[in-house]
2 protein chains.
Amino acid sequence: MRRSWSRRPPGILAGVGARAGIVVTGTEVLTGRVTDRNGPWLAEQLRIMGVDVAQIVVVGDRPADLQTSLAFLADTGVDLIVTSGGLGPTADDLTAEVVGAFQGRSLVLDAELEAQIAAIVSRLSAGRGWRMDPVATSAATGKQALVPAGATVLAPVGTAPGLVVAVTDGRTGPPVIVLPGPPRELQQMWPAALADQAVQAALADREELRQQTMRLWGTPESELAATLRQHEAALSGLEITTCLRDGGELEIVTRYGAAAQPAYDAFVAVIRDVHADTLFSADGRTVDEQVADLLTAQGLTIATAESCTSGLLAARLTEPPGASRYVLGGLVAYSNAAKQQLLGVPAGLIDELGAVSAEVAEAMATGARARLGADVGVGTTGVAGPGGGSIDKPVGLVYLCVVGDGTAIARRISLPGARADVRARSVAVTMHLIRELLGADARLSP
Amino acid sequence: MRRSWSRRPPGILAGVGARAGIVVTGTEVLTGRVTDRNGPWLAEQLRIMGVDVAQIVVVGDRPADLQTSLAFLADTGVDLIVTSGGLGPTADDLTAEVVGAFQGRSLVLDAELEAQIAAIVSRLSAGRGWRMDPVATSAATGKQALVPAGATVLAPVGTAPGLVVAVTDGRTGPPVIVLPGPPRELQQMWPAALADQAVQAALADREELRQQTMRLWGTPESELAATLRQHEAALSGLEITTCLRDGGELEIVTRYGAAAQPAYDAFVAVIRDVHADTLFSADGRTVDEQVADLLTAQGLTIATAESCTSGLLAARLTEPPGASRYVLGGLVAYSNAAKQQLLGVPAGLIDELGAVSAEVAEAMATGARARLGADVGVGTTGVAGPGGGSIDKPVGLVYLCVVGDGTAIARRISLPGARADVRARSVAVTMHLIRELLGADARLSP
């Protein structure tokens, strides 16, 4: 493989500056029963600060494996290690002990912390009305108040404290920030961890690392690769990664040092020029943000009628805080009867053309708009699979329609993948159709 | 920290038998722009085969970092390494090159593979109606057909081939399976990878490793910890991990060798005895599966009326294939007007008690049931935040109601966390209320 454009400018991204490693613990994460949100969140927080993260290691609840992972990251020469998880009251929660041992520190009971945790547990259990066995509670509290000697304790957000554990005197190695697994607790505790003196000292060498994102809709990855190859000379100093996501969106994320800002500006100009017809976001804003902003700016309301996507579109439209300003509601018309009763789709239309048809998608969009008195109506109907497909209407066939005041955009798509993929991708395409109807493209250019 | 019950029986789980390591590549995964589904999926597939996975390393698109990760896993003595991602047509896709170099093999062009990929790309682009530049396409195809000399090529599912790359003669080390990043492609290619002779030889020592799951709803983690401590003697030979998930569900996953089956059976009996009131799944089935099965078995239909959860409940109920048998549809009544128009919630009720109230939740459930002619109706209304809270009705306050034929279950809950947490947890609690209404508890005992 020939590399035809510069990805890794020496000295800016991989050589100097502060680097950190992340260890995510939990057999439930390793085996996929729980999706890790902490590793990427921490990586992003560190990036914003100018700290580069090379690896996230996901490891089960086994002390030897956790120890090996800490040693691996320390050996790569990182300036800081951050762990998440393994601070709960059950015996498989062993991060404090393993990290303590790794840094040469044994566990001691922090009596003040124990009292603090006991007070929290007592308050929480009262609020939930759960029966709590005092002996069990006391044992759990005592376990969570065992901390490596000399570690900085970060006040609990839930019941588990965080820790900053530096190596014992006379040894060298990065400090380890130990954070709880629940994302909310980890995120709230993060500022306190960063404020720690040992952490500040470890990250003293950090350099500003900028990150910018562009988004294309409808350009194949191979076309973008050609553009990058062709403009190779202009891209020096940029670390560019591309990613096909959300059923067709091409995301271009570029990281660079401050000195390469002119190169990035030139890169944006190239993409604006070559892929003008598919570049929908030059500033990184997502289609969700654009739709929310467009609806708000134009003072418009929206209503949905969903069959195959079955609530996913309404859920996505209402994700942003304040979505109640523009989302009036929606109808999930899964059965044919519901399409008729809730949306006024004529029974004859369904009988003649089938529930999965362009006409029914439009009738659903129009129905949602009328029933809820919204400015914009959206209809989705398709075969999500795995059953229900036919030769004429195979699994993955989806009709989408967005209707406004005297305008409409309809689309027939054939999506690959399993049921969940078809549903999620249908929603993604629909978001772009809404954006199109609202005239986002006209507003893209500065 | 004293360990009071056996978690890691020596020789069964961590010592002998085949072990594998996983490397997930992609800056978009490392930084959280894309959630990794491949690492956990691969770990689970390997587990089922009796291959233990100790670590998943997530690494960005940088050759040095990928190389370091491969070396780390090889050094831990794993018998097999599996990578995902980095096989696309852009220059940041460099897994084949790095793995080849790691195994001592340089890249060669596979002309047959090149023709195969060209045919796939041509077919795909025709189906999507995308304009494809022939020069760009040919460069992309040529790049994807460069494979390490002597590697086994796994036929593409998308456009990227997979690889099995053994070390060159005269060196030792585990073979590396190289798979594409898109989960669908990776999963479809997996059987071919396993069938490879070098992989079979590497995993010859694998031992059966069983995994069973129990689920509790309403038991705090500290209570379970006490149970585990108390019955320590009976748990020898079991690797037990517990995980609080989905806003209150306590999941107990146990892994063990075949010889420890009696110990696991005894453990189940203990949990059945001590936590009889909260154990809702002794066989690992999720609440989603239970609700689907209960509705199907009883021949009942369901309809939803959602405010704060805004489609998420309908989407979750329709996740299983065949959900159209029992889900008629739903109404997302986000505005007060929608609650009145779509569900017939009396305006006076909203004026008097507020949209977030037990009475409105019940009126919504009853309304959904009536409007769609369903056997079961569900209503959700609450303050998802971050705005909209008050002293009387703070962010996180949610009212839920499930109504059947002459029966109803209502719940008022106060949920911590951000908007997305409140929405997701409300849905989780609602699933349990539906299960309760359908009488799941009576059916749990064998």
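Some points to look at:
- Strands (runs of 3 or more DSSP E) contained entirely in the range B:204-274, each with at least 3 residues that are crowded, with 19+ Cβ neighbours inside 10 Å and within 11 Å of another protein chain (Cβ to nearest Cβ): B:239-245, B:249-256
- The set of residues in the range B:394-407 that are open to solvent by less than 20 Å² (accessible area, probe 1.4 Å) and aliphatic (A, V, I, L, M) comprises B:L397, B:V398, B:L400, B:V402, B:V403.
- Filter result for B:G311 (open to solvent by less than 10 Å² (accessible area, probe 1.4 Å), at positive phi and out of contact with any Cys (no Cβ under 7 Å at 6 or more places or on another chain)): yes
- Taken together, B:A410, B:A418, B:A424 contain a single residue that is open to solvent by 10 Å² or more (accessible area, probe 1.4 Å) and either more than 28 Å from the chain's Cα centre (by Cα) or modelled with pLDDT of 95 or more (or both), which is B:A410.
- Of all residues making up the range B:43-72, the number that are of a type outside the set (D, E, K, R), in contact (Cβ under 8 Å) with a residue 12 or more places away in the chain and within 9 Å of chain A (Cβ to nearest Cβ): 12
- Taking the numbered list (1) part of a helix (DSSP H, G or I); (2) touching a helix residue (DSSP H, G or I) at 6+ places or on another chain (Cβ under 6 Å) in turn, B:I177 passes all entries but (1).
- Residue that is surrounded by the most Cβ atoms within 10 Å (Cβ to Cβ) [pool: residues in the range A:381-393 that are modelled with pLDDT under 95 and either more than 12 Å from every other protein chain (Cβ to nearest Cβ) or part of a strand (DSSP E or B) (or both)]: A:K393
- Only one of B:A361, B:A370, B:A365 that is open to solvent by 40 Å² or more (accessible area, probe 1.4 Å) and touching a residue at least 24 places away in the same chain (Cβ under 8 Å): B:A370
- Count - residues of the range A:249-271 that are without any contact (Cβ under 8 Å) to a residue 24 or more places away in the chain and of a type in the set (D, E, K, R): 1
- Only residues that are modelled with pLDDT of 90 or more and in a loop (DSSP other than H, G, I, E, B) were counted across the range B:157-167, and they come to 3.
- Annotation note: of A:A115, A:A155, the sole residue that is away from chain B (no Cβ under 11 Å), exposed (fewer than 15 other Cβ atoms within 10 Å of the Cβ) and either in contact (Cβ under 8 Å) with a residue 60 or more places away in the chain or under 31 Å from the mean Cα position of the chain (by Cα) (or both) is A:A155.
- B:D169 touching a residue at least 24 places away in the same chain (Cβ under 8 Å) and either within 19 Å of A:T241 (Cβ to Cβ) or not aliphatic (A, V, I, L, M) (or both): no
- Look at (1) outside any strand (DSSP E or B); (2) more than 11 Å from every other protein chain (Cβ to nearest Cβ); (3) in contact (Cβ under 8 Å) with a residue 40 or more places away in the chain and you find that B:E289 fails only one, number (3).
- Total residues in the range B:380-397, condition touching a Cys at 6+ places or on another chain (Cβ under 8 Å) and farther than 12 Å from B:V360 by Cβ: 2
- Residues that are within 16 Å of A:G330 (Cα to Cα), facing another protein chain (nearest Cβ under 8 Å) and surrounded by fewer than 20 Cβ atoms within 10 Å (Cβ to Cβ) do not occur anywhere in the range B:314-331.
- Set B:Q187, B:Q200: member being surrounded by fewer than 18 Cβ atoms within 10 Å (Cβ to Cβ), part of a helix (DSSP H, G or I) and under 25 Å from the mean Cα position of the chain (by Cα): B:Q187
Okay, residues lined up against (1) more than 24 Å from A:D92 (Cβ to Cβ); (2) open to solvent by 50 Å² or more (accessible area, probe 1.4 Å); (3) aliphatic (A, V, I, L, M):
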site	(1), (2), (3)
A:V135	no, yes, yes
A:G142	no, no, no
A:A145	no, no, yes
A:P148	no, no, no
A:A151	no, no, yes
A:T159	no, no, no
A:L163	no, no, yes
A:D169	yes, yes, no
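- Residue check for A:G32: in contact with an Asp or Glu (Cβ under 8 Å, 6 or more places away or on another chain) and in contact (Cβ under 8 Å) with a residue 60 or more places away in the chain: no
The values are calculated or read from the model by the stated rules, or taken from the named source; none is laboratory data. What you see is a predicted model; the values in this text were computed from it and never measured. So basically every Cβ, Gly included, is an ideal-geometry build from the backbone, and we count neighbours across all protein chains shown. Accessible surface areas use protein heavy atoms only, side chains included; no ligands, DNA or RNA. Shrake-Rupley method; radii C 1.70, N 1.55, O 1.52, S 1.80 Å.
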